[in-house]
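Each remark here refers to the structure printed beneath this line.
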Amino acid sequence: MAKGVDIIDLGVGDPDLPTPSHIIEAVKKASEVPANHRYPSYSGMNDFKYAVAEWYKNRFGVDLDPGKEVVSLIGSKEGIAHLPLAFINPGDLAMIPTPAYPVYHTATLFAGGESFFMPLLSENHFLPDLDSIPSHLADRAKLMFINYPNNPTAAVADLEFFNRVVEFANKKRILICHDAAYTEMAFDGYRPPSFMEADGGKEVGIEFHSLSKTYNMTGWRIGFAVGNSEAINGLGVIKSNIDSGVFQAVQIAGIEALRNKQTCVKDMKEIYTRRRDLMVNGLREAGFELESPKATFYLWIRVPKGYTSALLATRLLEKGVVVTPGNGFGEPGEGYFRMALTQKRDKLAEAIERIKAMSL
Ligand SMILES: Cc1ncc(COP(=O)(O)O)c(C=O)c1O
């Protein structure tokens, strides 16, 4: 970029679309109120927690106690990163998918724990194979991270899979941490489930949610966790020793986002559907092998024969197209690369032209 090359960045999962204007208006007003300039409550404003519970009821049909089963987060990453400090002692195991969002593993390391990696393979539809986990290792595990719709593979999971995870959690007495950052970014009428909808999901699980992708609010830093009250409380205890909650004006904007009509979410999904179709068709014409994702704004694409993930990403970078090599998310990601649909359609079309012009 410094050399003046026109770079098309499809590397990072950060929406290029602006936050909807009704949310911006809410923060403008709230930021002028002196009461909002003070320390917020650690676990979140009551009104925010009620808005989360109402949203869960409307969206998933799940009942939550806003007092005990909801906590606000400074983005879901913050909650994911702090959770292992509450439940992992040195030497404990956490079960972590791979490839995956890197924070599950690093947060486990920070707590002194070890990761047991569960490979996500295409032959298992990128779901972990629970039956292949050695029993003696599962016995040592305190928690398991899962994430559907999934980053980076864009795979989805149904309730039947979540029910099997609940069964596993009950048998092995482990906490399930479901990262649900992408449940609202789904296409063609598909509605991803919450882990809380599984039978007994709330008893064994905590679910992390984010306003970042749903409402184009990555820069605002607001999310929440819901689920098992002891898990929520444990996370809350860690947080109360580290941070002091989310700026109230941002929580008020979050309430506006959750309670207002969800037209902006519908619009967002339509934009990504069109981008997805353009890019999937273009890449297939260019000879790449990939599935058209039902959810997330990621494409998970096999590299052509004779390439590694890194080599392909380097070749694309030389043409001014930034993608993420799959091995960066964990070793089973080798042989893939990830594209984020975070550019307008003309830029995506230009990226396809550049890719087609390469001799791969
Ligand atoms: C799978 C997954 N979880 C969590 C996050 C963190 O989102 P935030 O902290 O903005 O809520 C991301 C961000 O890219 C993600 O991809």
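Summed over the range 75-107, the residues that are within 8 Å of the ligand (Cβ to nearest atom), open to solvent by 10 Å² or more (accessible area, probe 1.4 Å) and over 19 Å from residue 328 (Cα atoms) give a count of 2. Screening the range 230-253 for residues that are buried (at least 16 other Cβ atoms within 10 Å of the Cβ) and polar (S, T, N, Q) and picking the one that is farthest from the ligand (Cβ to nearest atom) gives 248. Residues in the range 243-286 that are of a type in the set (D, E, K, R), at pLDDT 95 or above and not in a helix (DSSP H, G or I): 243 alone. Looking only at the range 243-287, residues that are farther than 23 Å from residue 188 by Cβ and within 23 Å of the chain's Cα centre (by Cα) come to 15 in all. Just one of the listed residues (207, 256) is within 14 Å of the ligand (Cβ to nearest atom) and of a type in the set (Asp, Glu), and it is 207. Candidates in the range 179-204 are the residues that are outside any loop (DSSP other than H, G, I, E, B) and touching a residue at least 40 places away in the same chain (Cβ under 8 Å); of these, the one that is surrounded by the fewest Cβ atoms within 10 Å (Cβ to Cβ) is 197.
When each of 8, 23 is tested for being within 16 Å of the ligand (Cβ to nearest atom) and touching a residue at least 40 places away in the same chain (Cβ under 8 Å), the lone residue that passes is 23. Restricting 110, 60, 48 to those that are in contact with an Asp or Glu (Cβ under 7 Å, 6 or more places away or on another chain) and either open to solvent by less than 60 Å² (accessible area, probe 1.4 Å) or more than 21 Å from residue 327 (Cβ to Cβ) (or both) reduces the list to 60.
Taking the listed residues 186, 169, 225, the one that is within 16 Å of the ligand (Cβ to nearest atom), more than 20 Å from residue 77 (Cβ to Cβ) and in contact with a strand residue (DSSP E or B) (Cβ under 6 Å, 6 or more places away or on another chain) is 186, with no other qualifying. For the range 118-154, filtering for residues that are in contact with a Phe, Trp or Tyr (Cβ under 7 Å, 6 or more places away or on another chain), within 16 Å of the ligand (Cβ to nearest atom) and either open to solvent by 60 Å² or more (accessible area, probe 1.4 Å) or farther than 14 Å from residue 330 by Cβ (or both) leaves 4.
When 57, 29, 3 are checked against the criterion of being under 30 Å from residue 343 (Cα atoms) and out of contact with any strand residue (DSSP E or B) (no Cβ under 7 Å at 6 or more places or on another chain), a single residue qualifies: 3.
The values are calculated or read from the model by the stated rules, or taken from the named source; none is laboratory data. Nothing here was measured: the structure is a model prediction, and the numbers come from that model. Note that each Cβ is placed from the backbone with ideal geometry, even for glycine, and that neighbours are counted across all protein chains shown. For the accessible areas, the whole protein counts, side chains as well, though only heavy atoms, and no ligand, DNA or RNA atoms are used. Shrake-Rupley method; radii C 1.70, N 1.55, O 1.52, S 1.80 Å.
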